[in-house]
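The values are calculated or read from the model by the stated rules, or taken from the named source; none is laboratory data. Because the structure is predicted, anything quoted here is derived from the model rather than measured. As a convention, Cβ positions derive from the backbone with ideal geometry for all residues, glycine included, and neighbour counts pool all protein chains shown. Heads up: the accessible areas ignore ligands, DNA and RNA and are worked out on the full protein's heavy atoms, side chains in. Shrake-Rupley method; radii C 1.70, N 1.55, O 1.52, S 1.80 Å.
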Amino acid sequence: MQWLLEHFLLVILVAAGAATFAWLLAMRRRLEMKWYAALILAVVHVFCGVACVRVFARMEGAGAGAMSIFGAVFFMPVFYFIGAKIFKRPMAEVFDIFAIPMIFTLLCSRVNCLKSGCCLGLQIPGMDMRWPTREAEMVFYVIFLAVFIPRVCKGKSKGRVYPAYMAAYGIFRGIVECFRESSSPSFLHISHIWALLSLAIGLGILWDMKAKEKKGESAKGKKHK
């Protein structure tokens, strides 16, 4: 037990990797891959996720060992895009399927925040308690996964999971950031900027997808006339 507590982040990442492997194994036919490919991708996925959050934190000026969830939000799609192109897999399928374990891994990372005591909420005025910002984010992830996992399993998501997550997380984080501790002397934090950017990108992609669908439906209608 003592070893587990001392290496809690490692345990969390192993758990996230195992969950990612199980998910990819269940989705392997959709991506036309072997079981061992699912195992390799699960390990690579966790490794890339950790690299993204650490690199982004350093870009924000944080110290060594710090992590920023926005690193995964903005950088992981680059890996998904490259992977889909290299292995010639449907872009929408790749993003939908890999978005689920990425969000689950971020949920696990907030569990680590509880253990390490970081990312605290502000003190609630007049109370000996803090705003439960970390817990609220965990609830956000659980609700998002509960809504979108069935849609992905049924093949009804059509590439919308990741942009929907970016938009939803942008709104959520923009609000909850107002109740978090920060080194910023002002009410607005740098994460407010990232939240706004995430919202804008997510909504922009969803709008573009909707426009293309309408254009496709219009073209089909003209052919039938």
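The one condition from (1) under 24 Å from Pro101 (Cα atoms); (2) at pLDDT below 95; (3) buried (at least 17 other Cβ atoms within 10 Å of the Cβ) that Lys158 does not meet is (3). Report yes if some residue within region 129-150 is within 29 Å of Ala18 (Cβ to Cβ), open to solvent by less than 20 Å² (accessible area, probe 1.4 Å) and polar (S, T, N, Q); otherwise report no. Yes; the residues of region 129-150 include at least one that is within 29 Å of Ala18 (Cβ to Cβ), open to solvent by less than 20 Å² (accessible area, probe 1.4 Å) and polar (S, T, N, Q). Scanning region 138-164 for residues being in contact with a helix residue (DSSP H, G or I) (Cβ under 9 Å, 6 or more places away or on another chain) and not in a helix (DSSP H, G or I) gives a total of 6. Evaluate region 78-92: report whether one residue or more is closer than 19 Å to Tyr141 by Cβ, hydrophobic (A, V, I, L, M, F, W, C) and open to solvent by less than 30 Å² (accessible area, probe 1.4 Å). Checking region 78-92: not a single residue is closer than 19 Å to Tyr141 by Cβ, hydrophobic (A, V, I, L, M, F, W, C) and open to solvent by less than 30 Å² (accessible area, probe 1.4 Å). Here Glu135 clears all of (1) closer than 16 Å to Phe70 by Cα; (2) in a helix (DSSP H, G or I) except the condition numbered (1). Scanning region 98-128 for residues being more than 30 Å from Pro150 (Cα to Cα) and either at pLDDT below 90 or open to solvent by 40 Å² or more (accessible area, probe 1.4 Å) (or both) gives a total of 12.
Under the condition of being part of a helix (DSSP H, G or I) and either under 20 Å from Arg134 (Cα atoms) or in contact (Cβ under 8 Å) with a residue 24 or more places away in the chain (or both), which residue from region 52-71 is most open to solvent (accessible area, probe 1.4 Å)?
From region 52-71, those part of a helix (DSSP H, G or I) are 52-59, 69-71; that's our starting set.
When the remaining residues are screened for being either under 20 Å from Arg134 (Cα atoms) or in contact (Cβ under 8 Å) with a residue 24 or more places away in the chain (or both), the result is 52-54, 56-57, 69-71.
Values: Cys52: 7, Val53: 14, Arg54: 79, Phe56: 12, Ala57: 2, Ile69: 17, Phe70: 1, Gly71: 0 Å².
Among those residues, the one meeting the criterion is Arg54.
The set of residues in region 107-141 being touching a Gly at 6+ places or on another chain (Cβ under 9 Å) and either on the phi > 0 side of the Ramachandran plot or in contact (Cβ under 8 Å) with a residue 40 or more places away in the chain (or both) consists of Ser109, Trp131, Thr133, Ala136.
Tell me whether region 161-172 contains one or more residues that are over 15 Å from the mean Cα position of the chain (by Cα) and open to solvent by less than 70 Å² (accessible area, probe 1.4 Å).
The initial filter retains those residues of region 161-172 that are over 15 Å from the mean Cα position of the chain (by Cα), namely none.
Looking for residues that are over 15 Å from the mean Cα position of the chain (by Cα) and open to solvent by less than 70 Å² (accessible area, probe 1.4 Å), one finds none in region 161-172, hence no.
Restricting the first member to region 72-88 and to residues that are touching a residue at least 12 places away in the same chain (Cβ under 8 Å), and the second to residues that are open to solvent by 80 Å² or more (accessible area, probe 1.4 Å), no beta-carbon pair is closer than 8 Å while six or more apart or on different chains.
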